[in-house]
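**Student:** Let me give you the structure first, and then I'll get to my questions.
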Amino acid sequence: MPEPTTIEYEQLARSNQPFMEELESAASRVIRGGWYVLGQEVTAFEEEFARYVGARHCIGVANGLDALILSIEALDLPKGSDILVASNTYIATILAVVRAGHRPVLVEPELTTFNMDPARLPKAITPNTRAICVTHLFGKTCRMDAIGAFAREHGLRVVEDCAQSHSARLGEQMTGTFGDAGCFSFYPTKNLGAVGDAGAVVTNDDALADRLRHTRNYGSKQKYVNRYVGVNSRLDELQAALLRVKLRHLDAMTAHKRTLADIYFAGLPDWVAKPEQRADEFDVFHIYGIRHAKRDALRQHLLAHRVKTEVHYPIPPHHQDAMKGILSGSYPIAEELHATELSLPISVGHSVEDIERVIEVFHSAEHI
């Protein structure tokens, strides 16, 4: 009997295959058109994505990190302000705070959702706190009702890191529209992924949008007239054209991933800690992250049975060498999540049969 094929964690070529004809046509249109930076494709994508999310403005930039840095800078906070950030977020969120000239102050997450715990905000705030930068991890919306109320009470600005939450909603409202700015990455593995690096900021603030349109392009909207000290961080025409194609299919891709998640919820054994689901949250499962005390042994068992997984993330931010002298303190919930989290295959390129086989392998691992 032949060995079963390996279930990869992610297969980007396979995920893009259903759209290949449209993607190739869009790429050819841009190349033949001869305009490659800040042209009609970027403008069209910005309009379409803003409309999709429910925001007044969308500003395309080079990547998700730049979206965060430029958004935080555009808030014009006093230099060295404290900004509250989840203690278990991906390092990019914290790097953005530091690069913008501010001090990250870590807030522990909820153990069951991986997202910032609003109940911990009162103890984290300092006299120097001026903003909150939330991360909607794994495709699950943070509790922006409670976080927004806290921000309003204390006069704090809010930036949303939406790199993993395209289409995610709290109630009927999509991520990116709760705060002053919503920052998106379109890295190829995202639910809405480019074929390379790309990013965007959405906002309902006209002045903030105008500043971002300047700063992404050397501080200029009019050629050779520079209003701000800007950078070169522009969404290019090719990526914008490809993103326009995939945006048309985003709801279908999200529905597929939610179907795969439902199979996990129904079929995984009870000894696995599954993601928490809440009735008013529309999760999009960029990552399906489970928890298990013997995560590494479980991961090896899955690999031995040709199922590949990932860990998001193996090292908490406050233990990273880059954060020495910047982050300090003890964050036991973040450390537990980083030690126990395991990400299972759940891409657009995976089939129902793939997920059912993953579940079969889990049921052979009860000895771990």
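What follows draws every value from the coordinates through simple rules; no lab data is involved. Predicted model, so just to flag it, every value in this text is computed and none were measured. Note that we place each Cβ from the backbone using ideal geometry, even for glycine, and neighbour counts take in every protein chain shown.
**Student:** For the range 137-259, what is Rg from Cα atoms divided by 2.2 N^0.38 Å, rounded to two decimals?
**Tutor:** Working: Rg = 16.0 Å, N = 123, 2.2 N^0.38 = 13.7 Å.
Scaled against compact globular proteins, the figure is 1.17.
**Student:** When DSSP beta bridges are limited to those with both residues in the chain, what percentage is antiparallel, rounded to the nearest 5? It would help to have the intermediate numbers written out before the result.
**Tutor:** Numbers: 23 of 41 bridges.
That works out to approximately 55 percent antiparallel.
**Student:** How charged is the neighbourhood of HIS319? Take every other residue with its Cβ under 14 Å from the Cβ of HIS319, and add Lys/Arg as +1 and Asp/Glu as -1.
**Tutor:** -2
**Student:** Next up: Report Rg/Rh for the range 249-363, rounded to two decimals, where Rg is the Cα radius of gyration and Rh the Kirkwood radius.
**Tutor:** In the range 249-363, Rg relative to Rh is 1.02.
**Student:** Ranked from highest to lowest mean number of other Cβ atoms within 10 Å per residue, what is the order of the peptides 177-188, 141-152, 225-236? Write down the numbers at each step before the final one.
**Tutor:** Numbers: 177-188: 25.1, 141-152: 19.6, 225-236: 16.7.
So the peptides 177-188, 141-152, 225-236, ranked by packing, come out 177-188, 141-152, 225-236.
**Student:** How high is the relative contact order of the chain? Use alpha-carbon pairs under 8 Å, at least six apart in sequence, and give a whole percent.
**Tutor:** 23 percent
**Student:** If I take every Cα pair under 8 Å that is 6 or more residues apart in the range 80-154, average their sequence separation and divide by the length, what percent do I get for the relative contact order?
**Tutor:** The value is 35 percent.
**Student:** Still on this model: Given the -39500 (n - 2.57) contribution per DSSP H run of 4+ residues, what per-residue ellipticity at 222 nm results for the chain, rounded to the nearest 500 deg cm²/dmol?
**Tutor:** -11500 deg cm²/dmol
**Student:** Quick one: which of 39-51, 7-19 comes out on top by average Cβ neighbours within 10 Å, and what's the full order, highest first?
**Tutor:** 39-51, 7-19
**Student:** Can I ask one more? At what distance in nm do the modelled label points of TRP271 and SER220 sit from each other, each positioned 7 Å from its Cα along Cα→Cβ?
**Tutor:** Result for the modelled spin labels: 6.4 nm.
**Student:** Please compute the net charge surrounding ILE125, taking Lys and Arg as +1 and Asp and Glu as -1 over other residues with Cβ under 15 Å from its Cβ.
**Tutor:** +2
**Student:** Starting from the amide H of THR129, placed 1.01 Å from N in the peptide plane, find each other amide H under 5 Å away whose residue is 5 or more places distant or on another chain.
**Tutor:** ASP82
**Student:** Would you please give the FRET efficiency between HIS367 and ARG152, computed as 1/(1 + (r/R0)^6) with r the Cβ-Cβ distance and R0 = 41 Å, to the nearest 0.05?
**Tutor:** For HIS367 and ARG152, the calculated efficiency is 0.20.
**Student:** Using θ = phi - 60° and the Karplus form 6.51 cos²θ - 1.76 cosθ + 1.60, what ³J(HN,Hα) does each residue of the range 346-362 get, whole Hz, x for Gly and Pro?
**Tutor:** 7, 8, 4, x, 8, 9, 4, 5, 4, 5, 4, 5, 4, 5, 4, 5, 4
**Student:** LEU235's amide H: which non-local residues (gap 5+, or another chain) put their own amide H closer than 5 Å, with H modeled 1.01 Å from N in plane and none for Pro or chain starts?
**Tutor:** Close amide H contacts, sequence-distant or interchain: VAL61, ALA62.
**Student:** Another question, then. Within the range 249-363, how many Lys pairs that are eight or more residues apart, or on different chains, come under 19 Å at the alpha-carbon?
**Tutor:** The number of close lysine pairs in the range 249-363 is 5.
**Student:** For the range 58-73, what does the Karplus curve 6.51 cos²θ - 1.76 cosθ + 1.60, with θ = phi - 60°, yield as ³J(HN,Hα) per residue in whole Hz, taken in order and with x for Gly and Pro?
**Tutor:** 9, 10, x, 10, 6, 6, x, 4, 4, 4, 5, 4, 5, 5, 5, 4
**Student:** Sticking with this structure for a sec: Take the alpha carbon gyration tensor of the range 1-135, find the square roots of its eigenvalues, order them as a ≥ b ≥ c, and report rounded if a/c is under 1.5; if not, report prolate when a/b exceeds b/c, else oblate. Can you show the working numbers first?
**Tutor:** Numbers: a/c = 2.82, a/b = 1.40, b/c = 2.01.
Here the range 1-135 falls in the oblate category.
**Student:** Tell me, what ³J(HN,Hα) does each residue in the range 273-282 have, in order and in whole Hz, if you take phi through Karplus 6.51 cos²θ - 1.76 cosθ + 1.60 with θ = phi - 60° and put x for Gly and Pro?
**Tutor:** Whole-Hz 3J(HN,Hα) from phi for the range 273-282: 7, 8, x, 6, 10, 10, 4, 9, 10, 9.
**Student:** Divide the volume of the convex hull of the Cα atoms of the chain by its number of residues and quote the answer in cubic angstrom per residue.
**Tutor:** 140 Å³
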